[in-house]
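Below is one structure, written out as structure tokens, with a few remarks after it.
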Amino acid sequence: MTRQTLDQKLAILSDAAKYDASCASSGGTKRNARSGGLGSNTGSGICHSYAPDGRCISLLKILMTNFCIYDCSYCINRVSSNVPRARFSVEEVVKLTIEFYRRNYIEGLFLSSGVIRSPDATMSDMVQIARKLRHEENFKGYIHLKTIPDAAPDLIAEAGRLSDRLSINVELPTDAALSTYAPEKNPGQIRRAMADVRQRREASKERSHTGKRPPKFAPAGQSTQVIIGADASTDATVLTQSTRLYSSYGLRRVYYSAFSPIPDASAKLPLISPPLQREHRLYQADWLLRFYGFDVDEITSVTPDGNLALDIDPKLAWALQHRGLFPLDVNRASRELLLRVPGFGVKTVNRILTTRRHRHLRYEDITRMGASMKKAGAFVTAGGWTPGSLTDSAHLRARFAPPPEQMSLF
Amino acid sequence: MQCITVPLIGAAGAWRDAARGLLSEGVAPGDVLWNAEGQGGAADLFESDRVPAVGAAALTVPRSFIALANTVVFHTDPQRFARLYALLWRLRDAPYLMSDRADPDLAKLRQMEKAVHRCRHKMRAFVRFREIGAPDAPRRSFAAWFEPTHYTLEMNTGFFEGRFADMDWRIVTPDVTAIYEQGRVRLESGQAAPQLPEDASEELWLTYFRNIFNPARLKVNAMTSEMPRKYWKNLPEAAAIPGLIANAPARARAMAAAAPTLPPLRAAAAQAGLARHVSVWADTGAGLEADIRACTRCPLHCNATQAICGEGPKRAALMIVGEQPGDREDLAGRPFVGPAGQLFDKVAAEAGLDREAAYVTNAVKHFKHIPRGRKRIHQRPDAGEVEQCKWWLEAEIARAKPGLIVAMGSTAALALTGSGARIMMRRGSVVRGRMGHDVLITLHPSYLLRLPDAAAKLRATADFRADLALAARLAPSRSAGPSATRR
């Protein structure tokens, strides 16, 4: 076999990494290179480019190697797949990261890997890359390391001290699905590893009795990813799992990744067109859970089958089922209720609350605050505006849903 | 009519000085004509180009206005300075105006501020450097050509300085050029697009861009809303976009149509290697602990991280039974490590009870809770769950053969004596347990933590301490195993 060039390796190992949805470079400690070194972190992420799949490119997202001893049906890199394989050396990853960073292509590195030899050996190579970047290159940009769930605790401890974010993928919405499609992975172990990261993060925030602060541990927190549409789980199942993960392990984000066709797919998982709209609705529901005070049951009880409506967003779907609460008077309603108005975001609600201290809000005032009145109009009253019978109109849903389409006959 | 010309570089300071002077002289917005350098406003026939002196009197302006003004001055709208001064004029009598999001003047300025912030952010994202010096030079040098929508280079120099401090760089825009050399930034007037040398890393970047794209999920609008076409001409990777879009459907179809292949030969060997590996996280060992960890007798296992087994010597004269693991125990995988466990340790030490010599466990092995946002709210296990888990508790008792069991709280009392009622009345008494052991009933330490009244807390803690001291006295004297009247 001829020796692969760096370009060929990069092609293989970025192709292998693209099924991980996470790309965020937000959070972490604020730092810059004024006192030496290269790179900075502002706390809010920067997306340096966008691919035509609509996903942002913020980090150099690559695998260290796509050789893998696991056989997870949904994965392009599973041991039984015949995709071309490659492996970066430690120096190659470091050089790519630094050269890309100097040209302002990326915010940092998101390093994942197939599992080679053993989970510990793989994790230790990944940690070596992060160590070299931080200590030899004095790199101050963002580093996100994928944790290999079976790796030894001291490797995870060092990974957490070197990186901004750690992540471990739960991969599928239920334990049963995981044991069907990823027989070597153990859902209990994945959760224990997440619990371990949470405890280490909390321990790193406690000062010792002398007031000394321990080294920071993954300051941008941990995240995970769930593949949507590979198994038969409903959205209610997916969101219940997310609630559990957020409350138990303090995750920053749960990423939902629509199951997408891969080269050389497994016979166990027939390829489908990725359920992009479902993925989008799940993200919306996830936001409602985290920032709008909704409970899982409220969002998922709207439809009988436990799946979110695809044609309208989950907040609107909830409001249409609870029209008795509306219309709300924007000049009087509480923050909790205003957050439930379709078309009002958290920022709009904050603006309404500060502004109504000064004046009686009229319809045109609200349009200036960034609200989408096309949506909200049916659910609120304001000075000079009342929706009249629109709120209870039988055609209200049809105003928002896209018009029905004739299905293709061919 | 006064005419003020604000320079392109240093616009924020120049506008601020002029505005302070005008305001202290009481010049109304209608009497000022603002000109922006480089935007060639027609000079007023009767203008006086005198820059008013900054008044000595201190001017108080809301802090949020300063931030707004320092941003909006970099907008390209020729009216920006006049709009800012008009708002400043109104703020004299109405300082609360800044929090009125519905005011049309302020709304317009906020909109302009948002546009400048977006432009600033896009510049941070889309500037692409090319190396102009030798790659092995002690200090490397890079240059970029960029066409921002607004005059945002000046507000971004701090960002690029903080990020690329160990190399020389210059960013050239049509209006302003920023040059960073020897650790200092200097701003000069703009230049035409320079001819930058080819850069080998750009090829690698294109390779990355082409391969990180997933052809099965084409969402062109999502891309262009965040990376508008106006930026494409200066982005090296944008050249690849049309080809990627055109080929995507065919590539997705080819993946779907391809027949599954047989696993490669090395697959079997790799899997055999995996089978030999034992993870440190795996549930090793056998016996009671392994069985408890695998328990699925009731639905509580669905939401907990793990089952928490008891801890202590396998044979113990004294056994302590709590309610159920809490949040900390669930994460740590050990009993009695949370706040209640720590309180127990403290009081036990005071009472002379040696925790290490006792076997500590819980009546229920999984953490029962409801998720609420980022927290888990503890819930008391119901009688059914206690009944299911009694299987494990009795197995632990049978193994430890304790002389005395301390039941802390009503759940433990329910599991051990069949009744969890009237704990306050029953505490401190030794009763016969369901398996024939002596059971000392006492309070649960988390009850002490929840008591709001300090005096009541002190009393309850004293009771609890007395009970533990009693347990420490009684345990060694009792014979191991169920007492005389075995059922």
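Figures for the structure shown
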{"read-out": "Computed over chain B: relative contact order in percent, which uses C-alpha pairs under 8 Å that are six or more apart", "value": "9 percent"}
{"read-out": "Trypsin sites (Lys or Arg not before Pro) within region B:349-420, DSSP loop, no more than 13 other Cβ atoms inside 10 Å", "value": "B:Arg374"}
{"read-out": "Shielding of B:90-103 by partner chains, average beta-carbon count, 10 Å", "value": "4"}
{"read-out": "GluC sites (Glu not before Pro) lying in DSSP loop within region B:113-214, provided at most 13 other Cβ fall within 10 Å", "value": "B:Glu198"}
{"read-out": "Charge-dipole axis of the protein assembly as shown as Lys and Arg at +1 and Asp and Glu at -1 on Cβ define it, positive-most pick from A:Leu337, A:Cys23, B:Gly26", "value": "A:Leu337"}
{"read-out": "Label point distance in nm, B:Asp77-B:Asp166, each placed 7 Å from Cα along Cα→Cβ", "value": "4.3 nm"}
{"read-out": "Whether region A:326-389 is rounded, prolate or oblate, judged on the alpha carbon gyration tensor where a/c under 1.5 counts as rounded", "value": "rounded"}
{"read-out": "Accessible area (Å², 1.4 Å probe, nearest 10) - A:His48", "value": "0 Å²"}
{"read-out": "For residues of A:93-104, the mean tally of beta carbons on other chains within 10 Å", "value": "5"}
{"read-out": "Local electrostatic count at B:Arg130 - Lys and Arg +1, Asp and Glu -1, tallied over other residues with Cβ under 14 Å", "value": "-3"}
{"read-out": "Accessible area that becomes buried as B packs against A, both chains, 1.4 Å probe, Å², nearest 100", "value": "8100 Å²"}
{"read-out": "Helix B:383-400 vs. chain B, principal-axis angle (Cα, 0 to 90°, nearest 10)", "value": "60 degrees"}
{"read-out": "Among B:Ala290, B:Trp391, B:Ile9 - extreme Cα towards positive end, dipole of chain B, charges at beta-carbon", "value": "B:Trp391"}
{"read-out": "Charge dipole (debye, nearest 20) of the protein assembly as shown; +1 at Cβ of Lys and Arg, -1 at Cβ of Asp and Glu", "value": "1980 debye"}
{"read-out": "Average beta-carbon neighbours from other chains, 10 Å sphere, peptide B:252-259", "value": "4"}
{"read-out": "Nearest-0.05 FRET efficiency for A:Leu310 and B:Glu226, computed from C-beta distance (R0 22 Å)", "value": "0.40"}
{"read-out": "Whether region A:121-256 is rounded, prolate or oblate, judged on the alpha carbon gyration tensor where a/c under 1.5 counts as rounded", "value": "prolate"}
{"read-out": "Qualifying trypsin sites (Lys or Arg not before Pro) in region A:194-235, DSSP loop, other Cβ atoms within 10 Å at most 10", "value": "A:Arg207, A:Lys212"}
{"read-out": "Signed unit charges on C-beta, dipole axis of region B:73-223, positive-most listed residue B:Tyr208, B:Ala86, B:Pro138", "value": "B:Ala86"}
{"read-out": "Cysteines (scope chain A) whose Cβ has no counterpart Cys Cβ under 4.7 Å", "value": "A:Cys23, A:Cys68"}
{"read-out": "Chain B: angle of helix B:241-257 to the longest principal axis, Cα-based, in degrees nearest 10", "value": "30 degrees"}
{"read-out": "Solvent-accessible surface ranking, highest first, for B:Lys314, A:Lys185, B:Lys122, A:Lys375 at 1.4 angstrom", "value": "B:Lys314, A:Lys375, A:Lys185, B:Lys122"}
{"read-out": "Fully extended contour minus Cα-Cα distance, from A:Thr386 to A:Asp7, at 0.36 nm per residue", "value": "130.2 nm"}
{"read-out": "Among beta bridges that DSSP assigns inside chain B, antiparallel share in %, nearest 5", "value": "45 percent"}
{"read-out": "Net charge dipole size for chain B [Lys, Arg +1 and Asp, Glu -1 on Cβ; Debye, nearest 20]", "value": "2580 debye"}
{"read-out": "Rg and Dmax of the protein assembly as shown, Cα atoms only, in Å", "value": "32.6, 116"}
{"read-out": "Computed accessible area, A:Cys56, all protein chains, 1.4 angstrom probe, square angstrom", "value": "20 Å²"}
{"read-out": "Rounded to 10°, Cα long-axis angle of helix A:235-249 versus longest principal axis of chain A", "value": "60 degrees"}
{"read-out": "Exposed GluC sites (Glu not before Pro) absent: longest stretch of chain A, with sites in DSSP loops and at most 11 other Cβ within 10 Å deemed exposed", "value": "A:1-205"}
{"read-out": "Added length on full extension, which subtracts the Cα-Cα distance from 0.36 nm per residue, B:Ala455 to B:Ala193", "value": "86.5 nm"}
{"read-out": "Rounded if a/c under 1.5, otherwise prolate or oblate - region B:98-222, Cα gyration tensor axes", "value": "oblate"}
{"read-out": "Residue-level accessible surface for A:Leu338, protein heavy atoms, 1.4 Å, Å²", "value": "0 Å²"}
{"read-out": "Residue order for A:His395, A:His280 - accessible surface, 1.4 angstrom probe, largest first", "value": "A:His395, A:His280"}
{"read-out": "Estimated inter-spin distance, B:Ala383 and A:Asn138, nm [label 7 Å along Cα→Cβ]", "value": "7.1 nm"}
{"read-out": "List B:Arg120, A:Arg165, ordered by accessible area with a 1.4 Å probe, largest first", "value": "B:Arg120, A:Arg165"}
{"read-out": "Net charge dipole size for region B:204-344 [Lys, Arg +1 and Asp, Glu -1 on Cβ; Debye, nearest 20]", "value": "960 debye"}
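The values are calculated or read from the model by the stated rules, or taken from the named source; none is laboratory data. Just so you know, these numbers come straight off a predicted model, no measurement behind them. A quick note on method: Cβ atoms are made from the backbone with ideal geometry, for glycine too, and the neighbour counts reach across all protein chains shown. Just so you know, the surface numbers come from the protein's heavy atoms only, side chains and all, with ligands and any DNA or RNA stripped out. Shrake-Rupley method; radii C 1.70, N 1.55, O 1.52, S 1.80 Å.
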